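The values are calculated or read from the model by the stated rules, or taken from the named source; none is laboratory data. Just so we're clear, the structure is a prediction, and the values are computed from it rather than from any experiment. Reconstructed Cβ throughout: ideal geometry from the backbone, glycine too, with neighbour counts over all protein chains shown.
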Amino acid sequence: MKGRRDRIDINYYFKGIVLVISLLCMVLIVGWRAVYALDMPRSWDQVDFSLALSRFDLFSMQPHFPGYPYFILGGMLLNNWIENPSIALSFVNSILLFSAMYPLYSISRSVLSKSLSVLTVAVIQSMVFMNVMTIQPMSEVSALSILWWYIWSLKVAFYKKDSRLIVLLPSFLLSVLFGIRLSYLPFGVGLLLLLVERKRQYLYKKKYLAFIGGQFALAILFQLIWVGGLAASEGGVAAFLQLAVGFSAGHFQEWGGTVVSGAASPIWNRFIELIGYNIGWTGLSGQYGLILFLILIIMAYATLRLFSRKGSWFVWTYFLMFVCYFFWALFAQNIEKPRHILPLPSMLLFVCLLSFMSLRKVHLKVGIVIVLLLSQTVGTYYMMEEGEKPAAVHKLIGYLSTIEEPIMVYTWEETRVMEYTNVSFNHDRVYTYATFLSELPYYEGRRIFLTDEVVNGFSKQGVPINGSIQKVKPFYSNRMYDPVYHKIVLYEYKP
């Protein structure tokens, strides 16, 4: 392997330029993550996570199931010093993503030289959308960071065939991954393939079955560390299972945005949106045309080499994990929220970079990658500055707070943010027109306001609401930060 890395290298002076640019960009990116960490939740889910640092209670959705205990624990520890739940959780993301530089570098070194491996790490660390997610109090980036450690551990385990204990490392990291974000369940196929590959080491079937049994038992024990803790915190196993069943049913059948939920879009629409908007335009390019153009060049050249090479067990495991999570995101995740596809763009770009820079004319290829790195760094800066602007829901709250008359505001998910910010006006979440009408007598003499989600919900119920409302004002924010509530329209009810 060493000889291979020596061939895929660049001359001394060019190497120095690559290292300086790569390290400088990484220093800037890491610093910006700290400076631009969001200090106020912008959505229902972000409020869930933030409230959990003061009182962990799944039944009160602090946070919602499955609890994300390792992520919340990290936030609690940091919040002792920071005293801002949103920033504390953002810092957990930043710290774990910083640590992921090592597994990224280590995997890269199996193909590239030291300088090109550093460049590869810098490109992955500077991906615009990933950094936008890093500064938010959500668990996706923490999970992605542990995923890279897990992938690295699989590589180590596949190549250290003489060690049986090394299998425990990916098993343990998988439990940490699930304890941060259970929706990364499809990546468990990597551990299964590792156990299947180990069969070749056993001459006798009984010994292999004993090995498998022991590994499964230990894997379950690792998972029980966080599952058992959650069950104990929620009043026992029965209460925890009741909560799990209820949340899972709601996620997959009602509000979760999955392929079988009530409001699901057609499968081909989901497929196009997943690849075109979520992975391509948002995940890979951060919604910048130049970045997307450069990545498409890299992918086009890299694909030729990827299909011409014979894959190892680790390579095929990497590929299968990617495919499994792709279909999981397509069928079992909310397609309206690009954050659910976060592992896919970085995994795809990473393997394309390794293939691209191992081709001939390496100086030209490295030049293209450096332009990509600089473009992503600049894009990340501007997108983080964009995050400093108020969210649409905060603009809505600001406007409503200026109204001196008594008011009542009916919303959908926006009310969760209003509760967190302790607004001075009355507000409530309403889904049905019948409930809305039944509550109106209690607010006689007040101005009644509705958000567009409420109005659209009433319209879908067949209620001719448009004749009874007057548009007041729209509020906007960046769609990358607020994929669902980047536009909120306020209406006043005037029957």
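Could you tell me whether any residue of segment 412-429 is in a loop (DSSP other than H, G, I, E, B), of a type in the set (G, A, S) and crowded, with 19+ Cβ neighbours inside 10 Å?
No, the conditions are met nowhere in segment 412-429.
Yes/no per residue for (1) modelled with pLDDT under 95; (2) under 28 Å from N456 (Cα atoms); (3) surrounded by 19 or more Cβ atoms within 10 Å (Cβ to Cβ):
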| site | (1), (2), (3) |
| --- | --- |
| E254 | yes, yes, no |
| V259 | yes, yes, no |
| G262 | yes, yes, no |
| W268 | yes, yes, no |
| Y277 | no, yes, no |
| G280 | no, no, no |
| G289 | no, no, no |
| I295 | no, no, yes |
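Run V371 past the list (1) in contact (Cβ under 8 Å) with a residue 60 or more places away in the chain; (2) assigned to a helix (DSSP H, G or I); (3) crowded, with 21+ Cβ neighbours inside 10 Å; (4) of a type in the set (A, V, I, L, M, F, W, C) and report the number of the one that doesn't hold.
Looking at each condition in turn, V371 falls short on (3).
The rows are residues; the columns are (1) touching a Pro at 6+ places or on another chain (Cβ under 8 Å); (2) hydrophobic (A, V, I, L, M, F, W, C); (3) farther than 30 Å from L185 by Cβ; (4) part of a helix (DSSP H, G or I).
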residue: L330; (1), (2), (3), (4): no, yes, no, yes
residue: L364; (1), (2), (3), (4): no, yes, yes, yes
residue: E386; (1), (2), (3), (4): no, no, yes, yes
residue: K395; (1), (2), (3), (4): no, no, yes, yes
residue: M408; (1), (2), (3), (4): no, yes, yes, no
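Specify the residue that is surrounded by the most Cβ atoms within 10 Å (Cβ to Cβ); the eligible residues are those in segment 430-463 that are of a type in the set (D, E, K, R) and assigned to a loop (DSSP other than H, G, I, E, B).
R446
Is it the case, given these coordinates, that A88 is over 26 Å from H394 (Cα atoms) and among the small types (G, A, S)?
In short, no.
Scan (1) over 22 Å from V30 (Cα atoms); (2) polar (S, T, N, Q); (3) not in a helix (DSSP H, G or I) for the single condition Q136 breaks and write down its number.
Result: Q136 fails condition (1) only.
Among the listed residues L342, L330, L348, which satisfies the condition of being within 26 Å of the chain's Cα centre (by Cα), surrounded by 21 or more Cβ atoms within 10 Å (Cβ to Cβ) and within 23 Å of V141 (Cβ to Cβ)?
L342
Checking D162 against (1) surrounded by fewer than 20 Cβ atoms within 10 Å (Cβ to Cβ); (2) of a type outside the set (V, I, T); (3) in a helix (DSSP H, G or I), which single condition isn't satisfied?
(3)
Quickly run through segment 470-495 and pick out the residues that are hydrophobic (A, V, I, L, M, F, W, C) and part of a strand (DSSP E or B).
Correct list: V472, F475, I488, V489, L490.
Can you find a residue that is outside any loop (DSSP other than H, G, I, E, B) and either crowded, with 21+ Cβ neighbours inside 10 Å or of a type in the set (A, V, I, L, M) (or both) anywhere in segment 60-68?
The answer is no, given that none of the residues of segment 60-68 is outside any loop (DSSP other than H, G, I, E, B) and either crowded, with 21+ Cβ neighbours inside 10 Å or of a type in the set (A, V, I, L, M) (or both).
Please go through segment 438-454 and give me each residue that is more than 40 Å from the chain's Cα centre (by Cα) and touching a residue at least 24 places away in the same chain (Cβ under 8 Å), ordered by number.
Y443, G445, R446
Give all pairs with beta carbons closer than 6 Å in which a residue from segment 51-78 that is in the same structural domain as A232 (by TED's automatic domain parsing) meets a residue that is among the aliphatic types (A, V, I, L, M) and in a loop (DSSP other than H, G, I, E, B); count only pairs at least 6 apart in sequence or on separate chains.
These pairs meet every condition: G75/L53; M76/L53.
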